[in-house]
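Trainee: Handing you this structure, nothing more for now.
The values are calculated or read from the model by the stated rules, or taken from the named source; none is laboratory data. Nothing here was measured: the structure is a model prediction, and the numbers come from that model. A quick note on method: Cβ atoms are made from the backbone with ideal geometry, for glycine too, and the neighbour counts reach across all protein chains shown.
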Amino acid sequence: MTLACAVSKPGKHRVPEPKQQLILGAHFPSMGQHIAAWLHPESQIDAGQNFSYFTRLAQTAEQAKFDFVFMADAVATRDGNLEALSRWPQYMAHFEPITLLAATAALTRHIGLVCTASTSYYEPFNMARLFGSLDHISGGRAGWNVVTSANASASFNFNRDEHYDITERYQRAREFVQVVLGLWDSWEDDAFVRDRASRRYFDPGKLHRLDHKGTFFSVRGPLNLARPPQGYPVIAQAGASEDGKELGAETAEIIFFSQQRVAAAREFYRDVKGRMAKFGRAPSELKMLAGLNPTVGKTMSEAQVKFDHIQSLIHPDVGKELLSVDLGGADLSGLSIDEPIPDHLIPEKTRASMSRLKTVGGAAQQEKLSIRELYERYAGSRGSYSVVGTPEHVADQMEEWLTTEAADGFIIQASYLPGGFDDFVTLVIPELQRRGLFRTEYTGRTLRDHLGLRRPGNRYAQPGYSHSPEAAVTNNIAT
Ligand SMILES: Cc1cc2nc3c(=O)[nH]c(=O)nc-3n(C[C@H](O)[C@H](O)[C@H](O)COP(=O)(O)O)c2cc1C
């Protein structure tokens, strides 16, 4: 975690104490996180495919010294009730994020560039090449959010009739990540000597074939790209199931998670970090970032007016569609929004995300909220922590989450963009900086530097490594 010196009290000669600082990522889901974001008069109506708009957002985040921007992704449009979806365009038309971030790299200098790519629908060789290239292009600022794709729609675009079940997709993801890491080690850091005098471009002893043969993948290697500047681009993950938490504890350096209460976040944080020891990892090697959906005003009433305004824009069909997706496709179309969802429509299991089902289904069953009350609760937060208030109030909550080990930082998910994010940057960031909770300048060059993560060494260059193929197992090469 990043450390800064707390300012000592005036007039006293105290030794400054190191103060833990927040890690902040900026999530830009097209027009915003709220299901009615595109109806907000200040949101960017063509956001998903407007490059200059995205550049402006990324530059704003960089001026505010964010650790990274984050682009989520799915390799399909969202499926469901087309009538409702035609009023909820999020992710229906948006840029492929690795391409987008590669272009953004040229127009930014410091900020980390993190995006999603699915282990269910890519090949490890492509993935290693794509994120390795992004890391080179950006000078060491790339991060890969490893998802298994909870959304079944993607399977129909990739030669399949149905999605992998959750166990299989996480087994595949685990092997996938090991192969990608192995491919990034194909070349030792100093393999390319590029020496005209000796007419030698690379040192053949520093080139390594992976020769991976596993359950899901057979990949010979080596990668046709020099080792990335960060060694490995930063690995992010966002799984919430048992399988997801295990994969995160084993391989992730950032975890995104959604919790609505600080106590539940603390439990989740302890749970995941507690799993790391069995993989030989220290808790500090993983930064856990909670989703935060802030609505900020100079006064509480100003913030509340902004919140009420966007809530008033929700179309009831879209509200129902949001709930239907989280309830595994339950048909709510004939129901009144002023009544609760009947229990028989709430499934116990779904092939989609169980964590979302538990959150929404649990609230529907236990609190007996009306459909309207239920969709209003999740319209902006989508299961993350929602806070409405003054900069001081928002900063108080963030400080509490940080100092009580509920999170190492946050991924900011503004309800509408750019306005909701600009409010956070102009009002909350200075308050966090005043408290010494957030950096005022970048001190490092790479995303790993920003996050306080070490650069991993190349497995083949470790002491004790033998170059004979028989030694692959003792060298701990992914098999
Ligand atoms: C902040 C955040 C960002 C996420 N981004 C994506 C994404 O871009 N693509 C995706 O398919 N899933 C994304 N997810 C969903 C997770 O990858 C995961 O599927 C979900 O949390 C359910 O966990 P499970 O897969 O272990 O059931 C995201 C989740 C969170 C909390």
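Trainee: Consider the stretch 212-227. How many of its residues are assigned to a loop (DSSP other than H, G, I, E, B) and over 27 Å from residue 112 (Cα atoms)?
Mentor: Quick first cut of the stretch 212-227, residues assigned to a loop (DSSP other than H, G, I, E, B) only: 214-217, 220-227.
Next, only the ones that are over 27 Å from residue 112 (Cα atoms) stay: 214-217, 220-221.
Total satisfying the criteria: 6.
Trainee: A follow-up question, please. Would a scan of the stretch 364-375 turn up a residue that is crowded, with 19+ Cβ neighbours inside 10 Å, more than 16 Å from the ligand (Cβ to nearest atom) and within 30 Å of residue 53 (Cα to Cα)?
Mentor: Yes: one or more hits.
Trainee: Go through the stretch 148-158 and give me each residue that's surrounded by fewer than 23 Cβ atoms within 10 Å (Cβ to Cβ) and touching a residue at least 40 places away in the same chain (Cβ under 8 Å). Quick ask: steps written out before the conclusion?
Mentor: Step one: of the stretch 148-158, the residues surrounded by fewer than 23 Cβ atoms within 10 Å (Cβ to Cβ) are 151-158.
Answer for the stretch 148-158, where residues must be surrounded by fewer than 23 Cβ atoms within 10 Å (Cβ to Cβ) and touching a residue at least 40 places away in the same chain (Cβ under 8 Å): 151, 152, 153, 154, 156, 157, 158.
Trainee: Take the residues of the stretch 155-188 that are of a type in the set (Lys, Arg) and under 23 Å from residue 235 (Cβ atoms): which is nearest to the ligand (Cβ to nearest atom)?
Mentor: If we take residues in the stretch 155-188 being of a type in the set (Lys, Arg) and under 23 Å from residue 235 (Cβ atoms), then 169 is nearest to the ligand (Cβ to nearest atom).
Quick grid of which residues meet (1) of a type outside the set (Phe, Trp, Tyr); (2) modelled with pLDDT of 95 or more; (3) crowded, with 21+ Cβ neighbours inside 10 Å:
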| position | (1), (2), (3) |
| --- | --- |
| 133 | yes, yes, no |
| 160 | yes, no, no |
| 171 | yes, yes, no |
| 205 | yes, yes, no |
| 217 | no, yes, no |
| 232 | no, yes, yes |
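Trainee: If you don't mind, there's one more thing I want to ask. Please go through the stretch 117-173 and pick out each residue that is more than 21 Å from the chain's Cα centre (by Cα) and within 22 Å of residue 220 (Cα to Cα).
Mentor: 125, the sole residue that qualifies.
Trainee: Picking from 389, 420, 409, which residue would you name as being at pLDDT 95 or above, over 18 Å from the mean Cα position of the chain (by Cα) and crowded, with 24+ Cβ neighbours inside 10 Å?
Mentor: Residue meeting the stated conditions: 420.
Residue-wise test of (1) surrounded by fewer than 18 Cβ atoms within 10 Å (Cβ to Cβ); (2) touching a Gly at 6+ places or on another chain (Cβ under 9 Å).
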| position | (1), (2) |
| --- | --- |
| 50 | yes, no |
| 71 | no, no |
| 86 | yes, no |
| 90 | no, yes |
| 94 | no, yes |
| 98 | no, no |
| 105 | no, yes |
| 112 | no, yes |
| 129 | yes, no |
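Trainee: Six or more apart or on different chains, Cβ atoms under 7 Å: show the pairs whose first residue is in the stretch 34-51 and within 19 Å of residue 98 (Cα to Cα) and whose second is in a helix (DSSP H, G or I).
Mentor: 47/53; 51/103
Trainee: Could you grab me the full set of residues in the stretch 17-34 that are buried (at least 19 other Cβ atoms within 10 Å of the Cβ), out of contact with any Gly (no Cβ under 7 Å at 6 or more places or on another chain) and part of a loop (DSSP other than H, G, I, E, B)?
Mentor: Passing the criteria: 21, 28, 29, 31.
Trainee: Ok, one more. Show the residue pairs that are 6+ apart or on different chains and have beta-carbon atoms under 9 Å apart, the first residue being within the stretch 368-388 and closer than 21 Å to residue 240 by Cα and of a type in the set (A, V, I, L, M, F, W, C), the second being within 16 Å of the ligand (Cβ to nearest atom) and in a helix (DSSP H, G or I).
Mentor: Cβ pairs passing all conditions: 379/322.
Trainee: Restricting attention to the stretch 295-308, does a residue exist that is within 15 Å of the ligand (Cβ to nearest atom) and modelled with pLDDT of 95 or more?
Mentor: no
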